[in-house]
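Chemist: The structure follows.
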Amino acid sequence: MALKGKTAVVTGAALGIGKAITEILLQNGAKVTLLDINETAGKTLKEALNKQYGEERSLFFECNVESEEQIKAAFQSTVDTFRGIDIVCNNAGILNEKQWEKTVSVNVMGLIRVSYVALEYMNKLNGGKGGTVINVASVAGLTPVPACPVYTATKHAVVGFTRAMAAASSASGYGLRFNAVCPSLVKTDLIASLMDNLGQFSHLAYATQCSSVQRAMNPSEIAECVFELVTDKAKNGEILMKEASMKKYMTFPTLI
Ligand SMILES: NC(=O)C1=CN([C@@H]2O[C@H](COP(=O)(O)OP(=O)(O)OC[C@H]3O[C@@H](n4cnc5c(N)ncnc54)[C@H](O)[C@@H]3O)[C@@H](O)[C@H]2O)C=CC1
Ligand SMILES: CCCCCC(=O)/C=C/[C@H]1[C@H](O)CC(=O)[C@@H]1CCCCCCC(=O)O
């Protein structure tokens with residue numbers, strides 16, 4: 001029960017990787033607030049979690065990471081109910097090269113928006129008690145995915161934002177750790193609908209995929225990485241790449 005007494009907020013929690021992250025946090029004793037735009041899936045999952053863990057262990061709010069108002073309301077309700085927030089997992093994300101502005105809005109602006117609200121509640125300099133933020137990026141944040149240049153750009157942004165926030169936090173004493181996980185392919189709806197959501201570079205999907213992609217992983221394999229980053233207090237500014245056969249903490253060049 002490594003997380004007994006801790007409270008987590010997970011975005012995009014109703015399905016896929018977010019659902020697996022929610023489950024591993026609950027299994028390890030945390031209370032979890034689930035945020036998602038999919039009300040039906042969110043309520044269905046909440047009912048199942050009530051039966052397994054008890055009603056008092058989780059909350060679900062319909063919440064779009066594109067809305068500051070909805071995020072703030074969800075964080076405030078979490079604090080009112082659970083008396084604090086220790087863990088925030090920025091998992092909500094989409095892959096849609098046709099609606100590329102929306103992809104930037106959700107994957108980058110949404111993740112930054114949630115992180116800044118998290119800072120308001122958790123920053124030790126504001127009277128918060130610190131904690132940890134885990135961002136779900138992608139291998140597309142480390143290497144170009146030619147079929148998805150906009151998705152690639154958003155996930156590179158997540159990696160950069162995570163590292164900069166980690167450095168800012170340790171320089172300024174926010175008491176918050178920022179880390180990210182970069183999965184390769186995971187069996188979720190995002191991948192099931194991939195071909196419908198590619199844009200003008202969709203002709204590049206087949207060839208690249210065949211040459212490089214390994215076994216698609218189960219969402220629980222990514223949740224285990226998130227759990228590692230949540231519980232290892234030595235980790236700040238780390239980018240953990242996860243593929244089917246291996247995981248690896250990335251190293252980056254230092255410029256100064
Ligand atoms: N499936 C994969 O192969 C990989 C996924 N990822 C990343 O993992 C994260 C989760 O992806 P999956 O579980 O695969 O996707 P998914 O499509 O299965 O689930 C995403 C969840 O996020 C919710 N969501 C979407 N937009 C939202 C918004 N604006 N506000 C709040 N919730 C929203 C959806 O309703 C859904 O429940 C994403 O950030 C994705 O980019 C990273 C690497 C690989
Ligand atoms: C998003 C899948 C596109 C598949 C086609 C493609 O361009 C593959 C590129 C591979 C590149 O050569 C090296 C890789 O690791 C890429 C495949 C892995 C992409 C996983 C992205 C998963 C995600 O974040 O949704």
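Just so you know, all these numbers are worked out from the coordinates, no wet-lab data involved. Quantities reported herein were computed from a predicted structural model and do not represent experimental measurements. Here Cβ is always computed from backbone atoms with ideal geometry, including for glycine, and neighbour counts include all displayed protein chains.
Chemist: Evaluate the Kirkwood expression for the hydrodynamic radius of region 27-83, namely the inverse of the mean inverse distance over all pairs of different C-alpha atoms, and round to one decimal in Å.
Modeler: The answer is 11.7 Å.
Chemist: Also, I was wondering about something else. Could you give me the ³J(HN,Hα) list for region 78-88, computed from phi with Karplus coefficients 6.51, -1.76, 1.60 and θ = phi - 60°, whole Hz, x at Gly and Pro?
Modeler: 5, 5, 4, 8, 9, 6, x, 9, 10, 9, 10
Chemist: Here's something else I'd like to know. What net charge do the residues around Asp189 carry, taking every other residue with its C-beta under 14 Å from that of Asp189, with Lys and Arg at +1 and Asp and Glu at -1?
Modeler: The answer is 0.
Chemist: Taking a ≥ b ≥ c as the square roots of the Cα gyration tensor eigenvalues, with a/c under 1.5 meaning rounded and otherwise prolate when a/b beats b/c, else oblate, which class fits region 115-205?
Modeler: In terms of gyration-tensor shape, prolate.
Chemist: Right, here's the next one. Name the long-range amide H neighbours of Val32: under 5 Å, sequence gap of 5 or more, or other chain; modelled H, no Pro or chain starts.
Modeler: Those qualifying (amide H under 5 Å, at least 5 residues apart or on another chain) are Ala8, Ser58, Leu59.
Chemist: Let me ask something else about it. Given H placed 1.01 Å from N in the peptide plane, which residues other than close sequence neighbours of Lys235 have an amide H under 5 Å from its amide H?
Modeler: none
Chemist: Hey, what did the chain get for relative contact order, percent, Cα under 8 Å, at least 6 apart?
Modeler: The normalised contact order for the chain reaches 18 percent.
Chemist: Here's something else I'd like to know. Count the net charge of all other residues whose Cβ sits under 12 Å from the Cβ of Glu243, scoring Lys and Arg as +1 and Asp and Glu as -1.
Modeler: Computed value for this residue: +3.
Chemist: Straight-line reach only, C-alpha to C-alpha below 19 angstrom: list the lysines that Lys46 could link to, leaving out same-chain residues fewer than 8 apart.
Modeler: The qualifying lysines are Lys6, Lys19, Lys31.
Chemist: Also, quick follow-up: Which angle from 0 to 90°, rounded to the nearest 10, does the C-alpha axis of helix 16-27 make with the longest principal axis of the chain?
Modeler: Long axis of 16-27 versus the principal axis of the chain: about 30 degrees.
Chemist: List the trypsin sites (Lys or Arg not before Pro) within region 1-110 that fall in a DSSP loop (any state other than H, G, I, E or B) and whose Cβ has at most 13 other Cβ atoms within 10 Å.
Modeler: The qualifying sites are Lys4, Arg83, Lys98.
Chemist: How do Met250, Met241, Met1 line up, fewest other C-beta atoms within 10 Å first?
Modeler: Ranking Met250, Met241, Met1 by Cβ neighbours within 10 Å, fewest first, gives Met1, Met250, Met241.
Chemist: Could you tell me which of rounded, prolate or oblate describes region 1-99, using a ≥ b ≥ c as the square roots of the eigenvalues of the alpha-carbon gyration tensor, with rounded for a/c under 1.5 and, failing that, prolate when a/b is larger than b/c and oblate otherwise?
Modeler: Verdict is prolate for region 1-99.
Chemist: Moving on to the next point. May I ask for the angle, rounded to the nearest 10°, between helix 39-53 and the longest principal axis of the chain, with both axes built from Cα atoms and the value confined to 0 to 90°?
Modeler: Roughly 50 degrees between the two axes.
Chemist: With everything on Cα atoms, drop me the angle between helix 111-122 and the longest principal axis of the chain, reported from 0 to 90° to the nearest 10.
Modeler: Tilt relative to the chain: about 20 degrees.
Chemist: How much net charge surrounds Ile37 when only other residues with a Cβ under 10 Å from its Cβ are counted (Lys, Arg +1; Asp, Glu -1)?
Modeler: Net local charge, Ile37 excluded: -4.
Chemist: I've got another one for you. Can you list the HN-Hα couplings for region 56-62, worked out from phi with the Karplus curve (6.51, -1.76, 1.60; θ = phi - 60°), rounded to whole Hz and with x for Gly and Pro?
Modeler: Going residue by residue, I get 6, 8, 8, 10, 10, 10, 5 Hz, with x marking Gly and Pro.
Chemist: Which of Cys63, Cys225 has the fewest other C-beta atoms within 10 Å, and how do the rest follow up to the most?
Modeler: Cys225, Cys63
Chemist: Here's something else I'd like to know. Treat the count of other C-beta atoms within 10 Å as a stand-in for reagent exposure and order Ile17, Ile24, Ile112, Ile71 from fewest to most.
Modeler: Fewest to most other Cβ atoms nearby, the residues stand as Ile112, Ile24, Ile71, Ile17.
Chemist: Please compute the contact order of region 116-210 in relative form: average sequence separation of alpha-carbon pairs under 8 Å and at least six residues apart, divided by the residue count, as a percent.
Modeler: Answer for region 116-210 is 33 percent.
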